[in-house]
1. With each pseudo-label sitting 7 Å past Cα toward Cβ, what's the L71-D37 distance in nm, one decimal?
2. How much net charge surrounds G47 when only the other residues with a Cβ under 14 Å from the Cβ of G47 are counted, with Lys and Arg +1 and Asp and Glu -1?
3. Of the labelled options (i) 26, 14, 10; (ii) 24, 15, 12; (iii) 21, 16, 12, which one gives semi-axes √(5λ) of the Cα gyration tensor in Å as computed for this structure?
4. Rounded, prolate or oblate: pick one for the range 36-76, where a ≥ b ≥ c are the square roots of the eigenvalues of its C-alpha gyration tensor, a/c under 1.5 means rounded, and failing that, prolate if a/b is larger than b/c, else oblate.
5. Helix-only estimate, please: 222 nm mean residue ellipticity of the chain, summing -39500 (n - 2.57) across DSSP H runs of length 4 or more and dividing by its residues, to the nearest 500.
6. For the range 2-88, build the charge dipole from Cβ charges (+1 Lys, Arg; -1 Asp, Glu) around the Cα centre, then report which of S57, V45, F4 sits farthest towards its positive end.
Amino acid sequence: MNEFEFTLVLSGDLDDDRTMDALFVAGCDDATFGSVDGAGLADFVRGALSLAMAVKSVIDQVESVPGLRVLRVESDEFVTMSEIAERLGRS
């Protein structure tokens, strides 16, 4: 199993304690939540067999919380040479 890092941009109220509790109960305990310029953000580090499986599981969990919707998914923008090699299984 690999770990994948990505960010979700969300609509909904992340300042509400009940919403945050519901996210934790839904399985989003591997994320850091915040907001920038009014947009909700969720940074995930999710273990899965593929990036697609990781993203799908996260979207399903987040959208199971009333009032939250995923607007888009953003991946890491910058990676080092060693991170690229590791992702490709090279030295």
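FYI, it's all coordinate maths here, none of it is from the lab. Fair warning: this is a prediction, and the values are worked out from it, not measured in the lab. Heads up, the Cβs are rebuilt from the backbone with ideal geometry, glycines too, and the neighbour counts pull from every protein chain shown.
1. In this crude label model, L71 to D37 measures out at 1.0 nm.
2. Values: positive: R46, K56; negative: E3, E5, D29, D30.
After counting each charged neighbour, the total is -2.
3. So the structure-derived entry is (i).
4. Since a/c reaches 1.5 but b/c is at least a/b, the shape of the range 36-76 is classed as oblate.
5. Calculated mean residue ellipticity at 222 nm is -10000 deg cm²/dmol.
6. Going by the charge dipole, the pick is S57.
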